[in-house]
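Take this structure first; my questions come after.
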Amino acid sequence: MTTNQTASHSLVLSRPLPAIYRWLGDKIFLTVAVTLGLSIIFLAGAMAWVLINDGSLAFREFGVIGFLTGTTWDPGVNFTFGALPFIFGTVVTSVVALALAFFPAVAVAIVIAEYAYGWLAKIIETLVHLIAAIPSVVVGIWGIFVFAPWMREKVYMPIFMWAAESQPSLLPILGNPIGYGMTTATIILALMIVPFTTALTRNAIRQVPKEQREAARALGATRWEVIRMAVLPYARGGILAGAILSLGRAVGETMAVAMLIGNKNTFPFSIMGPAATMPSVIINEFREAVGNLHLSSLMAIGLVLFVIAIVVNLIAAYITRKLAITGGQGI
Amino acid sequence: MNINVLFKKKKPKEDKMSPDFQPQEPDLLYREIHMNGSPPIRMEAKNLTVKYGTVTGVKNVSLPVYNEKVTALIGPSGCGKTTFLRALNRMHDLTPNAKVTGEVLLDGNNIYAPRVNPVTIRRKVGMVFQKPTPFPTMSIYDNVVAGLKLVGIRNKAFLNEVCEKALRQAALWDEVKDRLGSPGGSISGGQQQRLSIARALAIEPEVILMDEPTSSLDPLSSSKIEDLINDLKKKYAIVIVTHNMQQAARVSDNTGFFYVGDLVEFGPTDKLFTNPSHKRTEEYLTGKFG
Ligand SMILES: Nc1ncnc2c1ncn2[C@@H]1O[C@H](COP(=O)(O)OP(=O)(O)OP(=O)(O)O)[C@@H](O)[C@H]1O
Ligand SMILES: [Mg+2]
């Protein structure tokens, strides 16, 4: 009643905007939005085209399957290029890094979102964000001067000595205990994606409606039980999507990994010994790439990386949509 | 220093108590007094005040909740009905700035007494919210027995039995008996609300609090829930907040009228609706405000 009156009053008092202006505003906004949107798509398309174009030489030479499954990367003598060692190195380091990072990250996110007092949550959150803000190359330097030597002294050497004495058959699997290698790079990678996974998990947890928590409380759930029965199931889609986006992050992480993985281009890789990933081989070799075929092979690896990144993001988007909760308050 | 100091524990009692702590047996004398003559009182608020920081939600409310009766709470928006209701099962413990003073007696024992575990109280005083709140990823079955699983009951036969009974009580059994395994979020809003009621019934509380349980439902679902309330009151004490005067008149035995945080009037529903003692109540009931 009263709202109707005020509405009609204001209509009388202020002259409405002529329809032409509103129509024009609509059109301008639409044009700008569509132009920007299209130019981003165009940019991505152009990048893909450059990668395909420059990488096509390698694909023609070895065949797509041959290139992807080839285990020899020999730019020096035979000019044979196969990407499998790097695909393998990337997949192993990033999947294991995610596995290492996931549970700690979820735990920290739960503490921030559900347990800690406001100020404590802020401090933890800020610290986690600070880790994320450290430039990759600085993490790499720290890895080279502090972490890798420490790992060599305290972890790799003892294991190596033990194996050398009592289980020599393990030595080839373990590899050289030089400190730079797959394990070192993976642990650093895990450290680097923890903040990312934490932030995404916390966002997912914060989106759980208050009503869900209260419903669990009203059934006599304790704080942890509320998290277990109401919060985590509701947030699972977001948490999973966050994990996959973190995986994408790990796949593309370049600098710190290149500095710590030891950069060995040939199979077989070992647990402690040096290896390589797709980004690390690109960054290490693109400047001194000898000959077109080498450069083209690096471009082809870039294309594979590009495709993996897109696929990972599509999977994350799909999971978010698929596991999005629509029920809970009437459909 | 105790590590708990660092964590969100506005009400440090919560969760700290041993889970098996039970409030003492109801005071026999207390029970006797109310058995004679007046119907037994299941719950009673005494001088209950709830403040959100400096905002007062309800002030100094005293109100009895009789066993096997429906108590309706009515009043204009923002007058403190929800605030009062949530004080009856200690839901305010979860609101950081809410402060409750006064007493709420459940079977004669103050639920705000220092050594009472709110988790136990919430098992005895169940709650149904305005919006249906099934756990959307759990199956219908798991939703119903969620409260039982919390206390470690795993006996399949027993859970099945309770599930069927609760769903029948909530008049939902026939509609979902063939798809107990589908997610709680996959049924209609009205069904979800009855599911929320079934879930509250499954743990066999003593009192059921309902905050506008039909406000988001269509007339048919609403009337089903009203029938259900009539049915349930044979066993439980029920408190229902409603904006619908006809509904209050239809389902309740006693009605309390709230106005800006005060309980203006409380009495038998017929009397309050036909012959209110306060001018404000009359004005509200005749639609002069609100
Ligand atoms: N979490 C909160 N923080 C601060 N103030 C609150 C909070 N919840 C309620 N209030 C205030 O307390 C008063 C009573 O609110 P309450 O929700 O109990 O009203 P209500 O009678 O249930 O209203 P409605 O009929 O609209 O549901 C209002 O002034 C409201 O603004
Ligand atoms: Mg309310």
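Place a point 7 Å from Cα of B:Asp253 in the direction of its Cβ. Which residues in the range B:56-94 have their backbone N less than 14 Å from it?
Residues B:64-72 qualify, since their backbone N sits under 14 Å from the label point.
Another question, then. Express as a percent, rounded to the nearest 5, the fraction of DSSP beta bridges in chain B (both residues included) that run antiparallel. Let's see the in-between values first.
Working: 25 of 42 bridges.
Looking only at bridges with both residues in chain B, the antiparallel portion is about 60 percent.
In addition: May I ask for the angle, rounded to the nearest 10°, between helix A:182-206 and the longest principal axis of chain A, with both axes built from Cα atoms and the value confined to 0 to 90°?
Taking Cα atoms only, the helix is inclined about 10 degrees.
Accessible area of chain A with a 1.4 Å probe: how many percent of it is carbon plus sulfur? Numbers along the way, then the final one.
Values: 12730 of 17780 Å².
Carbon-and-sulfur percentage of accessible area, whole number: 72.
Same structure again: Using only helices, what value at 222 nm comes out for chain B when you add -39,500 (n - 2.57) per DSSP H run of length 4 or more and divide by the total residues, to the nearest 500 deg cm²/dmol?
Values: 11 runs with 99 residues, N = 290.
Estimated from H runs of four or more residues: -9500 deg cm²/dmol.
Follow-up question, since we're still on this one. At most 15 other Cβ atoms within 10 Å plus a DSSP loop assignment makes a site exposed; report the longest stretch of chain A without any exposed chymotrypsin sites (Phe, Trp or Tyr not before Pro).
On the way: sites that count: A:Phe79, A:Tyr117, A:Phe286.
Within chain A, the longest run free of exposed chymotrypsin sites (Phe, Trp or Tyr not before Pro) spans A:118-285.
In whole Hz and in residue order, list the ³J(HN,Hα) couplings for the range A:279-287 that follow from phi through the Karplus curve 6.51 cos²θ - 1.76 cosθ + 1.60, θ = phi - 60°; x for Gly and Pro.
Once rounded to whole Hz, the list reads x, 5, 6, 4, 5, 7, 10, 5, 6.
For the protein assembly as shown, what is one quarter of the convex hull surface built on the Cα atoms, given in nm²? Don't skip to the answer; put the middle values down first.
On the way: hull surface 163.2 nm².
For the protein assembly as shown, the mean projected area of the Cα convex hull comes to 40.8 nm².
Does the range A:39-161 come out rounded, prolate or oblate by the C-alpha gyration tensor, with a ≥ b ≥ c the root eigenvalues, rounded set by a/c under 1.5 and, if not, prolate when a/b is larger than b/c and oblate if not? Mind dumping the intermediate values first?
Working: a/c = 2.72, a/b = 1.53, b/c = 1.78.
Here the range A:39-161 falls in the oblate category.
If the chain between B:Asp218 and B:Asn97 were fully stretched, how many nm would it gain, using 0.36 nm times the residue separation less the Cα-Cα distance?
Details: separation 121, 0.36 × 121 = 43.56 nm, distance 3.49 nm.
Gain on stretching B:Asp218 to B:Asn97: 40.1 nm.
Accessible area per residue of chain B at 1.4 Å probe, in Å²?
Details: 12810 Å² over 290 residues.
Accessible area per residue, chain B: 44 Å².
Accessible area per residue for the range A:49-325 in Å², computed with a 1.4 Å probe and the full protein assembly in place, what is it?
Values: 12850 Å² over 277 residues.
On a per-residue basis, the range A:49-325 sits at 46 Å².
Here is a follow-up. Can you give the FRET efficiency to the nearest 0.05 for B:Thr286 and B:Val260, using r as the Cβ-Cβ distance and R₀ = 22 Å?
Numbers: r = 19 Å, r/R0 = 0.84.
In this case the efficiency is close to 0.75.
On average, how many beta carbons from a partner chain sit within 10 Å of the beta carbon of a residue in B:135-147?
Details: counts 11, 10, 12, 3, 0, 0, 0, 1, 1, 0, 0, 8, 6.
That works out to 4 on average.
Normalised by the residues of chain A, what does the relative contact order come to in percent, with Cα pairs under 8 Å and at least six apart? The partial results should precede the final answer.
On the way: 403 pairs, mean separation 84.9, N = 331.
Taking the mean separation of contacting Cα pairs over the length of chain A, I get 26 percent.
Helix A:291-323 versus the longest principal axis of chain A: what angle, 0 to 90°, nearest 10, using Cα atoms?
Roughly 40 degrees, rounded to the nearest 10.
Can you classify the range B:69-187 as rounded, prolate or oblate using the Cα gyration tensor, where a ≥ b ≥ c are the square roots of its eigenvalues, rounded means a/c under 1.5, and otherwise it's prolate if a/b beats b/c and oblate if not?
prolate
Still on this structure, please answer the following. Taking amide H atoms as placed 1.01 Å from N in the peptide plane, list the residues 5 or more away in sequence, or in a different chain, whose amide H sits under 5 Å from that of B:Val65.
Long-range HN contacts for B:Val65: B:Arg42, B:Met43, B:Glu44, B:Ala45.
What does the average come to when, for each residue of peptide A:111-122, you count the partner chain Cβ atoms lying within 10 Å of its Cβ?
Details: counts 2, 0, 0, 2, 4, 3, 7, 2, 1, 3, 2, 0.
Average neighbour count from other chains, rounded to a whole number: 2.
How large is the Kirkwood hydrodynamic radius of the range B:149-290, counting all unique pairs of alpha carbons, in Å?
Working: mean 1/r = 0.0592 Å⁻¹.
Mean inverse Cα-Cα distance, inverted, gives 16.9 Å.
Rounded, prolate or oblate, given the Cα gyration tensor of the range B:43-82, with a/c below 1.5 counting as rounded?
Values: a/c = 3.43, a/b = 1.60, b/c = 2.15.
In terms of gyration-tensor shape, oblate.
Quick one: work out Rg over Rh on the C-alpha atoms of chain A, Rh as Kirkwood radius.
Values: Rg = 26.3 Å, Rh = 23.7 Å.
Value, to two decimals: 1.11.
Moving to a separate point now. Tell me, what ³J(HN,Hα) does each residue in the range A:52-63 have, in order and in whole Hz, if you take phi through Karplus 6.51 cos²θ - 1.76 cosθ + 1.60 with θ = phi - 60° and put x for Gly and Pro?
5, 4, 6, x, 4, 4, 5, 5, 5, 5, 10, x
Let me have the 222 nm mean residue ellipticity of chain A computed from DSSP H runs of 4+ only, each contributing -39500 (n - 2.57), with the sum over all residues rounded to the nearest 500.
Numbers: 16 runs with 236 residues, N = 331.
Helix contribution divided over all residues of chain A: -23500 deg cm²/dmol.
GluC sites (Glu not before Pro) within the range A:222-309: which are DSSP loop residues with at most 16 other Cβ atoms inside 10 Å?
Passing both the DSSP loop test and the Cβ count: A:Glu288.
Could you grab the relative contact order for chain B? Cα pairs under 8 Å, six or more apart, rounded to a whole percent.
On the way: 525 pairs, mean separation 71.1, N = 290.
Relative contact order for chain B comes out at 25 percent.
Describe numerically, in nm with one decimal, the distance between label points set 7 Å from Cα along Cα→Cβ at B:Val151 and at A:Tyr115.
My value for the distance between the label points is 2.7 nm.
At 7 Å along the Cα-to-beta-carbon direction for both A:Ala107 and B:Asp174, put a label point, then send me their distance in nm to one decimal.
Using points 7 Å along Cα→Cβ, the separation is 5.2 nm.
At a Förster distance of 30 Å, what's the computed FRET efficiency of B:Phe158 paired with B:Lys234, Cβ-Cβ distance as r, to 0.05? Working shown, then result.
Numbers: r = 23 Å, r/R0 = 0.77.
That gives a FRET efficiency of 0.85.
Full-extension gain between A:Leu68 and A:Asn53, please, as 0.36 nm times their residue separation minus the C-alpha to C-alpha distance. Walk me through the numbers on the way to the answer.
Working: separation 15, 0.36 × 15 = 5.40 nm, distance 1.69 nm.
Stretched fully, the A:Leu68-A:Asn53 segment lengthens by 3.7 nm.
Provide Rg over Rh for the range B:3-285; use the alpha carbon set for both Rg and the Kirkwood Rh (inverse mean inverse pair distance).
0.96
Quick check on the range B:168-286: of the DSSP beta bridges with both residues there, what percent are antiparallel, nearest 5%? Each step should come with its number before you reach the end.
Numbers: 6 of 11 bridges.
Counting only bridges with both partners in the range B:168-286, antiparallel ones make up about 55 percent.
Still on this structure: With a Förster radius of 51 Å, plug the Cβ-Cβ distance of B:Asp227 and B:Tyr52 into 1/(1 + (r/R0)^6) and report the FRET value to the nearest 0.05. Numbers along the way, then the final one.
On the way: r = 36 Å, r/R0 = 0.70.
About 0.90, to the nearest 0.05.
Give me, ordered by chain and number, the residues 5 or more places off B:Val241 or on other chains with an amide H under 5 Å from its own placed amide H.
Amide H neighbours of B:Val241: B:Leu73, B:Met210, B:Asp211, B:Glu212.
While we're looking at this one, here's another question. In the range A:222-239, what residues drop by 40 Å² or more of accessible area when the other protein chains are put back, versus the chain on its own? Use 1.4 Å, and skip ligands and nucleic acids.
Buried on complex formation: A:Arg223, A:Met229.
Using only atoms on other chains, find how many Cβ atoms lie within 10 Å of each Cβ of peptide B:122-132 and report the average.
So the per-residue partner count for this stretch is 4.
At 0.36 nm per residue, and after removing the present C-alpha to C-alpha distance, how many nm does the segment from A:Trp162 to A:Val138 gain when stretched out fully? Before the final figure, lay out the partial values.
Numbers: separation 24, 0.36 × 24 = 8.64 nm, distance 3.32 nm.
This chain segment gains 5.3 nm when fully extended.
Let me ask something else about it. Quick one: helix A:84-110 against the long Cα principal axis of chain A, what's the angle to the nearest 10°, folded into 0 to 90?
40
Give me the percent of DSSP beta bridges within the protein assembly as shown that run antiparallel, rounded to the nearest 5.
Percent antiparallel among DSSP bridges in the protein assembly as shown is about 60.
Taking amide H positions as placed in the peptide plane 1.01 Å from N, state which residues far from A:Asn263 in sequence (5 or more) or on other chains have amide H under 5 Å from it.
A:Ala275
The values are calculated or read from the model by the stated rules, or taken from the named source; none is laboratory data. Everything numeric in this text was worked out from a predicted model, so none of it was measured. Reconstructed Cβ throughout: ideal geometry from the backbone, glycine too, with neighbour counts over all protein chains shown. SASA here: full protein model, heavy atoms, side chains in, ligands and nucleic acids out. Shrake-Rupley method; radii C 1.70, N 1.55, O 1.52, S 1.80 Å.
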